[in-house]
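See below for the structure under consideration.
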Amino acid sequence: MVREMKRADVQRVRSFNRLVAERIGALSDEFLGRGRPMGESRTLWEIGSGGAEVRELRVRLGLDSGYASRVLRSLSRQGLIRIAASTSDRRVRWARLTAAGRAERADLDRRSDEVAWSCLEPLPPKLRVKLVATMAEVERLLRASLVRVAAEDPTSPAARWCIRHYFSELDARFRTGFDPARSISADARELMAPTGALLVARVRQQPIGCGALKFHRGAPAELKRMWVAPEYRGLGLGRRLLLELERHARRAGARAVRLETNRALKEAIQLYRRSGYREVTAFNDEPYAHHWFEKRLR
C-alpha cells in the first residue's frame with residue numbers, strides 16, 4: 001500500500017510537470033516566439049542587467065558545464081552577450097548583456113508577463129487568487145526540495161557564515177544576550193573528524209542551515225549548532241538536519257544523542273520532543289541552558 005501511494009505521488013508530480021511545460025511553451029524550440037529554446041532565454045534573463053559570473057550562473061541554473069558553454073556560445077553568436085575575463089582575476093569569466101541583449105531581455109519580460117496573464121485571465125477572480133496562492137506555496141516547497149545536506153569542513157566560509165548567523169540569532173533572542181566565550185565550546189577543531197562533525201544545508205550552493213556533533217568514546221554524542229535560516233523554516237529542514245545528524249552519530253558508534261537548549265528557542269524544543277527526545281536532568285553546566293534532552297539511537 002505504501003509503495004502504491006508513493007507511485008501515485010510520483011505520477012502526480014510527473015503529470016504536473018508535463019502540464020507546466022506545455023502551458024509555458026517549454027516544449028518549443030521557439031520559446032515565447034523568439035526563435036530560441038527555453039534554456040537560452042532563461043539564461044539571458046538570469047544574466048540580468050548587472051551581468052553574472054559564468055560559474056555562478058551555471059550553478060544557479062543547475063546546468064552542466066558542457067550545456068552551459070553551448071548556450072553561452074549561442075547567445076554570443078547572436079550578439080546578445082559578451083563574455084570576458086574579470087579584471088581582478090583572469091581565471092574568472094563574466095557574461096554581460098549587450099545593448100541588443102538588454103532589448104531582447106526586456107521583450108522576454110513583456111512576453112513572459114503575457115503568458116502569465118494568459119494563465120490567470122480565463123479564471124474568475126476567486127480562482128485567480130487561489131491559483132496564485134497555490135503557486136506561491138508550490139514554489140516554496142520546490143525550493144525546499146532543492147536543499148542538499150552534506151558534511152562540511154568547519155573552517156570553510158559556508159560553515160563560518162552559518163555559525164556567525166546562529167550566534168547572532170541567539171544573541172538577539174536570549175534575554176541576557178549570547179556570548180560564545182561563556183558557552184560550552186564547540187570550536188572548529190572539536191567538530192572535525194574523528195572527534196566531531198559539522199553538516200551544512202545548501203540551496204544552489206548557498207548555505208542555509210547547519211548542525212554539529214561532538215563525539216565522546218563510551219558516552220552520548222553532543223548535538224550542537226542547530227540552525228536554519230528564517231526564510232527556510234516551516235519546511236521540515238530542521239527535522240531533516242536532525243535525522244542526518246543522528247545517522248552520523250550512529251555511524252560514529254554513539255548509542256545516544258544529548259543536547260541542551262534555551263527556553264527562548266520554543267520551535268527547537270518542540271522539534272526535539274516530536275523527534276523522540278526526552279527531557280532529562282541537567283548533565284552539564286551550560287549557562288544558557290534551561291532544558292536538557294536525550295534520545296537513544298536504535
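The values are calculated or read from the model by the stated rules, or taken from the named source; none is laboratory data. Quick caveat: nothing in here was measured; it's all calculated off a predicted structure. Using ideal geometry, Cβ is built from the backbone for each residue, glycine included, and neighbour counts are taken over all protein chains shown. Please note that ligands, DNA and RNA were not included when accessible areas were found on the heavy atoms of the full protein model with its side chains. Shrake-Rupley method; radii C 1.70, N 1.55, O 1.52, S 1.80 Å.
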Residue by residue through the stretch 276-292, which ³J(HN,Hα) values in whole Hz follow from phi under the Karplus form 6.51 cos²θ - 1.76 cosθ + 1.60 (θ = phi - 60°), with glycine and proline marked x? x, 7, 10, 6, 10, 5, 4, 10, 8, 10, 4, x, 9, 8, 10, 9, 10
Suppose a student asked you for the relative contact order of the stretch 99-236, using Cα pairs under 8 Å spaced at least 6 residues apart; what percent would you report? 20 percent
Placed amide H near G51: partners under 5 Å, 5+ positions off or other chain: L97
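Taking K and R as +1 and D and E as -1, what net charge do the other residues with C-beta under 14 Å from the C-beta of S69 add up to?
Working: positive: R55, R58, R70, R73, R77, R93; negative: E40, D64.
Result for the local shell: +4.
Quick check on the stretch 39-139: what are the equivalent-ellipsoid semi-axes from the Cα gyration tensor, as sqrt(5λ), descending, whole Å?
33, 16, 11
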May I ask for the Kirkwood hydrodynamic radius of the chain, worked out over all distinct Cα pairs and given in angstroms to one decimal? 22.9 Å
For the stretch 67-117, just list the percent of Cα-Cα distances falling in each 5 Å bin from zero outward, please. 5, 19, 19, 20, 18, 11, 4, 3, 1
So the carbon and sulfur contribution to the accessible area of the stretch 141-248, 1.4 Å probe, in percent, is 53 percent
Using 14 Å as the cut-off for backbone N distance, which residues of the stretch 189-209 belong to the label zone defined by a point 7 Å from the Cα of R160 along Cα→Cβ? 189
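Taking Cα pairs under 8 Å and at least six residues apart, what relative contact order does the chain come out at, in percent? Before the final figure, lay out each step's value.
Values: 368 pairs, mean separation 31.6, N = 298.
In percent, rounded to a whole number, it is 11.
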Positive-pole candidate from Q205, S185, L170, dipole of the stretch 167-211, charges at beta carbon: Q205
Which three semi-axes in whole Å describe the equivalent ellipsoid of the stretch 185-298, each the square root of 5 times a Cα gyration tensor eigenvalue, listed largest first? 20, 18, 14
What spacing in nm lies between the two simple spin-label points modelled at I83 and S118, each 7 Å away from Cα in the Cβ direction? 3.1 nm
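Could you state the per residue volume, in Å³, of the convex hull enclosing the Cα atoms of the stretch 112-205? Mind dumping the intermediate values first?
Values: hull volume 14.2 nm³, N = 94.
It comes to 151 Å³ per residue, whole-number rounded.
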Count charges around Y166 for me, please; just the other residues with Cβ under 13 Å from its Cβ, Lys/Arg as +1, Asp/Glu as -1. +3
